Amino acid sequence: MVTSDRAQQADESPHAGERLCLFSVAGEVVGVPVAALFEVVSEALITPLSEVPAGLVGLMNFRGEILPVVDLGPWIGIPVIPRLQVMVVSGGGPQIGVAVDNIRDMVDAAAAEDAGAEGAGDAPLGGALQRVSGERLHGAMSPSARAWIVDAGRLVEELTESFSPVAEVV
């Protein structure tokens, strides 16, 4: 079977063809696949923890389960500050809360002529966050703008490894 170059590229592009939920974190646009999004909690009660790694905001009780809540700021170069909402995401395993400012849009991710994504070596959190061009987001932002796309499974895995010594202390 012969496939077109564009079809092969779509298979290689991260999140091509997936529906993404876009949100804002201190002016940065971040997208997470809708399939990984469990729920958005407004005005979540977060219990702060002392002496924890940067990015771990605290813990929240989500339907009787204690979830860690993270702020992506340290990994995408923005300050960690109180955020308005928490997105509960899952990568097929444990859930984690991600603090966000607001929900922006729902879009379909498209393959671009050049994938427009950073190499995994350059991407924060072991490739769990990749920077892509706005042209991949079907008009949700200008083509020259850049957005962060979250691989929820990798994010949960990387953060679980990063924060595991903290969990033993708590």
³J(HN,Hα), Karplus 6.51/-1.76/1.60, whole Hz, each residue of segment 125-136, x for Gly, Pro: 6, x, x, 5, 10, 10, 8, 10, 7, x, 4, 6
Local electrostatic count, residue 83, Cβ distance below 13 Å [Lys/Arg +1, Asp/Glu -1]: -4
Quickly work out the residue 146-to-residue 84 label distance, labels modelled 7 Å from Cα along the C-beta direction, and quote it in nm with one decimal. 2.6
What order do you get for 76-82, 51-57 when each peptide is scored by the mean count of other beta carbon atoms within 10 Å, highest first? 51-57, 76-82
Total charge of the residues flanking residue 35 in space, meaning their Cβ is under 15 Å from its Cβ, with Lys and Arg +1 and Asp and Glu -1, is -2
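We did not get these values from a lab; they are worked out from the coordinates using the rules stated. Everything numeric in this text was worked out from a predicted model, so none of it was measured. Cβ atoms come from the backbone with ideal geometry, glycine included; neighbour counts cover every protein chain shown.
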